[in-house]
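Structure record follows, encoded as structure tokens.
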Amino acid sequence: MPLVTSKELFKKAYNGGYAIGAFNVNNMEIIQGIFEAAIEEKSPLIIQVSSGARKYARHEYLIHLIQASIEMAEASGVSIPVVLHLDHGDDFEICKKCIDGGFTSVMIDASKYPLAENIRITKEVVDYAHAHGVTVEAELGKLAGVEDDVKVDTKDATYTDPKEAKEFVDKTGCDSLAIAIGTSHGAYKFKGEPKLAFDRLKQIQDLLPNFPLVLHGASSVPQNLTDLCNKYGGQIPGSRGVPEEMIAQAAKTGVCKINIDTDLRLALTAQIRKVFFESPAEFDPRKYLAPGRDAIKELVKHKMRIMGTSGKA
Ligand code: G3H
Ligand code: 13P
Ligand code: ZN
């Protein structure tokens, strides 16, 4: 199956009460681990590339690795629908480059601007993307935490306003919307008890029925992963991620896409640390990257089960 847009996948996810995991990729091992999981779970997949990942790996390399993975899946008899998505596109230019370069979905993140400017920038991307058969995710509201090149203070974090969300979607024609309901990027999401504003999610849903919503900053930062990193020389404080029950609940409530990056980083890094801790003289990259790739596969399989996409390919 060639790359697909998010349109049909989101429709099925919405109606089926599940959410598709969107996993950030930066190199071959991460891509392979994610695909191995999707093949075993027979799950649809969103692979996302941030501007940082584009700078690091060049998106041409990532696209070819993803295409090779799709071919390998087909050869093994499993046809997985895969969306290739730009994560947090800053402006029209980067979105255009990705659309022209073969992405099937882009995110324009103009959430740092006032509403009217966010609408104007998003609409420009939507017009270009739709003319090229590509779907668009936009963002409204501010997540707390650290994004690529954009730092947002926790105190400035604001939830998405439901009425603004409705106006935003009507005026821009975007295909999905990332909302702020308490999640944040990175490993430190909550100071105290983890809490998502499900009442706010419901209010947005009521005004935008059948419309796919997106959750960024959704890593759970599981205690076992931070423990593993720390056991082998890390200094990551206790778990402050989104509990898995909340992820499962969001998936059943109109959230169709759930973004995971931090948990992948933790899974990979824990294994690399372990190899160096146990074998400080190791210098064959295959010896420390292969266990990282296996850990990514297991983590992604677990996420697919939590989000409900296993068997939905
Ligand atoms: O939301 C941001 C993603 O985790 C991507 O992170 O910009 O460091 O690649 P990055
Ligand atoms: P996490 O940092 O919680 O993994 O969120 C990733 C994300 O939202 C990518 O856009
Ligand atoms: Zn994000």
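Here R286 passes the criteria (1) more than 23 Å from I181 (Cα to Cα); (2) part of a helix (DSSP H, G or I); (3) touching a residue at least 12 places away in the same chain (Cβ under 8 Å) except the one numbered (3).
Of all residues in region 223-252, those satisfying the criterion of being modelled with pLDDT under 90, over 26 Å from S279 (Cβ atoms) and surrounded by 15 or more Cβ atoms within 10 Å (Cβ to Cβ) are S239, R240.
Close Cβ contacts (under 8 Å, 6 or more residues apart or on different chains) running from residues in region 15-26 that are without any contact (Cβ under 8 Å) to a residue 60 or more places away in the chain and within 16 Å of I66 (Cα to Cα) to residues that are polar (S, T, N, Q) and in a strand (DSSP E or B) comprise V25/Q48.
Given the criterion closer than 23 Å to A290 by Cβ, in contact (Cβ under 8 Å) with a residue 12 or more places away in the chain and either hydroxyl-bearing (S, T, Y) or out of contact with any helix residue (DSSP H, G or I) (no Cβ under 7 Å at 6 or more places or on another chain) (or both), identify the matching residue among S76, S105, S51. Explain how you work it out, then say what you get.
Details: S105 fails: closer than 23 Å to A290 by Cβ; S51 fails: closer than 23 Å to A290 by Cβ.
Result of the check over S76, S105, S51: S76.
Annotation for region 212-234: no member residue is over 30 Å from A295 (Cα atoms) and more than 16 Å from ligand 2 (Cβ to nearest atom).
To keep it simple, each residue is scored yes or no on (1) among the basic types (K, R); (2) outside any helix (DSSP H, G or I); (3) in contact with a helix residue (DSSP H, G or I) (Cβ under 9 Å, 6 or more places away or on another chain).
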| site | (1), (2), (3) |
| --- | --- |
| L228 | no, no, yes |
| G233 | no, yes, yes |
| P237 | no, yes, yes |
| C256 | no, yes, yes |
| L266 | no, no, yes |
| K274 | yes, no, yes |
| A281 | no, yes, no |
| A290 | no, no, yes |
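Number of residues in region 153-210 that are in contact (Cβ under 8 Å) with a residue 60 or more places away in the chain and not in a loop (DSSP other than H, G, I, E, B) equals 2.
Could you go through region 260-282 and let me know if any residue there is within 16 Å of ligand 3 (Cβ to nearest atom) and without any contact (Cβ under 8 Å) to a residue 24 or more places away in the chain. Yes: one or more hits. Cβ-Cβ distances below 7 Å connect the following pairs, each with a first residue in region 119-137 that is in a loop (DSSP other than H, G, I, E, B), a second residue that is of a type in the set (A, V, I, L, M, F, W, C) and crowded, with 17+ Cβ neighbours inside 10 Å, and a separation of six or more residues or different chains: H132/I99; V134/I99; V134/F103; V134/V106.
The values are calculated or read from the model by the stated rules, or taken from the named source; none is laboratory data. Quick caveat, the model's predicted, so the values are computed rather than measured. For neighbour counting, all protein chains shown are included, and Cβ atoms are generated from backbone atoms with ideal geometry for every residue, glycine included.
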